[in-house]
1. Filter segment 116-137 down to the residues that are at pLDDT 85 or above and among the aliphatic types (A, V, I, L, M), then identify the one that is surrounded by the most Cβ atoms within 10 Å (Cβ to Cβ).
2. Val161: in a loop (DSSP other than H, G, I, E, B), surrounded by 15 or more Cβ atoms within 10 Å (Cβ to Cβ) and β-branched (Val, Ile, Thr), yes or no?
3. Pairs only if they're at least six apart or on different chains, beta carbon under 6 angstrom, first in segment 296-324 and closer than 25 Å to Phe31 by Cα, second aromatic (Phe, Trp, Tyr) and modelled with pLDDT of 80 or more; list them, first residue then second.
4. In segment 199-211, is there at least one residue being over 18 Å from Asp95 (Cβ atoms), free of Cβ contacts under 8 Å to residues at least 40 places away in the same chain and not in a helix (DSSP H, G or I)?
5. Pull up segment 310-331, narrow it to residues that are under 42 Å from the mean Cα position of the chain (by Cα) and among the small types (Gly, Ala, Ser), then point me to the one that is modelled with the highest pLDDT.
6. If we keep just the residues of segment 144-158 that are part of a strand (DSSP E or B) and among the small types (Gly, Ala, Ser), which is nearest to Gln212 (Cα to Cα)?
7. Among the residues of segment 95-109, are any among the polar types (S, T, N, Q), in a loop (DSSP other than H, G, I, E, B) and either farther than 17 Å from Pro181 by Cα or modelled with pLDDT of 85 or more (or both)?
8. Filter segment 69-89 down to the residues that are in a strand (DSSP E or B), more than 16 Å from Ala238 (Cβ to Cβ) and among the hydroxyl-bearing types (Ser, Thr, Tyr) and list them by number.
Amino acid sequence: MFSAFEWTVAMRYLRPRRKEGFISVIALFSFLGIFLGVATLIIVMSVMNGFRQELLGRILGLNGHVSVYGSVTGLTDYDALRDTVAGMPGVVLVDPMIENQVMVTGNGVARGAMVRGLRPEDMRKRDIVTSHIVEGSLDDFGRDDGVLVGARLAERLGLSVGQQITLISPKGNITAFGTVPRMRAYRIVGLFDVGMYEYDSNFVFMPLDAAQTYFNMPDTVTALEVFLDDMQRAPAFARELQHKLGGAGRVHDWQRANASFFNAVQVERNVMFLILTLIIVVAAFNIVSSLIMLVKDKGRAIAILRTMGATRGSITRIFFISGASVGVLGTLCGFAAGLVFCDNIETIRQWIQALTGTNLFAPEIYFLSKLPAVVDPVEVATVTGIALVLSFLATIYPSWRAARIEPAEALRYE
């Protein structure tokens with residue numbers, strides 16, 4: 001499609017003489033603009049994907065895809081209800097659970113926390129917790145006084161495995177002097193670190209029997225957590241389950257429970273995509289301006305080429321190659337740089353933090369303790385395709401304008 005002559009002339013025009021240095025500077029800026037635009041877009045979209053995937057994996061690892069809640073007093077006869085739900089197609093696991101807020105204390109430090117009561121056999125099926133035990137084990141979790149505590153929560157309280165953590169519940173015992181908060185000490189048998197700040201610094205897991213005793217909820221649980229083989233089926237399954245239960249409980253799926261959070265992440269992701277795409281658009285306009293200046297400067301050379309037999313199509317292709325080469329090279333370099341950065345993003349973050357002495361990814365703000373990046377091949381292809389298309393489109397008008405130059409007119413004004 002392109003002859004060797006056209007490639008030779010086009011490459012020569014990309015290496016202008018000293019007096020044409022300004023054109024070379026504009027072309028360099030065009031290359032850097034597309035390079036940075038493509039690389040940044042790939043990195044940001046990958047981080048947003050990783051952020052969403054990590055949060056989703058951790059939230060759904062500790063919380064069910066569908067939750068069945070009872071009345072204010074909780075769910076009674078929950079084992080029969082559990083068997084009913086477990087018999088439905090697509091159900092992998094159903095856990096009865098007690099969940100309540102408490103105050104925890106240790107070494108004179110007090111913090112708010114969330115207590116979850118689960119049966120030991122159900123707790124062992126929570127891979128997100130069992131695979132992230134950083135100290136201690138689950139061996140003693142079945143005992144009444146054994147609890148699992150988030151590693152960050154234990155650190156703030158100055159506690160470790162084997163020591164006791166005190167739970168204070170505002171739903172205490174009613175006496176002649178009023179309601180007295182319920183208080184009891186439990187032995188820490190294990191510390192977990194799932195990598196999500198909210199859970200690691202706020203959650204305490206205890207056996208279901210012990211939770212029922214502590215919260216004065218005999219033969220009652222707060223909810224049933226249902227895990228499905230496909231989390232995307234959760235909304236349809238929740239509707240089916242609600243119809244089957246009638247008024248026996250309230251059913252919520254994970255999308256409904258976390259709708260505002262994940263919608264915010266999606267909106268931010270879309271806005272970042274649009275904003276960063278503008279970098280590539282601006283770089284494409286730089287290609288247009290540099291080519292127009294190049295055409296104006298090479299008017300006499302174009303006229304000589306035309307008198308030597310070069311066709312309008314040949315002139316068009318010469319300037320198309322000149323402009324497209326900048327865009328394609330910038331896109332490919334940005335593509336490679338973006339993938340390399342994503343593959344080493346956590347190492348780069350740690351290096352920058354050590355160099356600057358600042359925390360670039362505070363877990364208490366961003367929920368996660370590590371900066372995630374998940375590369376989506378479809379998105380990378382889309383970004384690369386957009387950059388290439390804009391680069392090609394940017395060469396159309398200057399190339400057409402170069403081909404329209406009349407040799408006689410160009411030589412007469414030189």
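1. Here the residue is Leu118.
2. Here the answer is yes, as Val161 does meet what is asked.
3. Note: pairs meeting the criteria are Ala324/Phe392.
4. Keep residues of segment 199-211 that are over 18 Å from Asp95 (Cβ atoms), which gives 200-202.
Next, only the ones that are free of Cβ contacts under 8 Å to residues at least 40 places away in the same chain stay: none.
No.
5. First, the residues of segment 310-331 that are under 42 Å from the mean Cα position of the chain (by Cα): 319-331.
Within this subset, residues satisfying the condition of being among the small types (Gly, Ala, Ser) are 322-325, 327, 330.
Details: Ser322: 80, Gly323: 81, Ala324: 83, Ser325: 84, Gly327: 85, Gly330: 88.
Filtering first and then ranking leaves Gly330.
6. Of the residues in segment 144-158, the ones part of a strand (DSSP E or B) are 146-150.
Imposing the further condition that a residue be among the small types (Gly, Ala, Ser) reduces the set to 146, 150.
Numbers: Gly146: 14, Gly150: 21 Å.
Only one residue tops the list, namely Gly146.
7. Initially, segment 95-109 is screened for residues among the polar types (S, T, N, Q), giving 100-101, 105, 107.
Filter once more, keeping what is in a loop (DSSP other than H, G, I, E, B): 107.
Checking which are either farther than 17 Å from Pro181 by Cα or modelled with pLDDT of 85 or more (or both) leaves us with 107.
Within segment 95-109 (the criterion being among the polar types (S, T, N, Q), in a loop (DSSP other than H, G, I, E, B) and either farther than 17 Å from Pro181 by Cα or modelled with pLDDT of 85 or more (or both)), the answer is yes, since at least one residue qualifies.
8. Listed by number, the list holds a single entry, Ser71.
The values are calculated or read from the model by the stated rules, or taken from the named source; none is laboratory data. Predicted model only: the values in this text are computed from it and were never measured. Because the Cβ atoms are built from the backbone with ideal geometry, glycine has one as well, and the counts that use them run over all protein chains shown.
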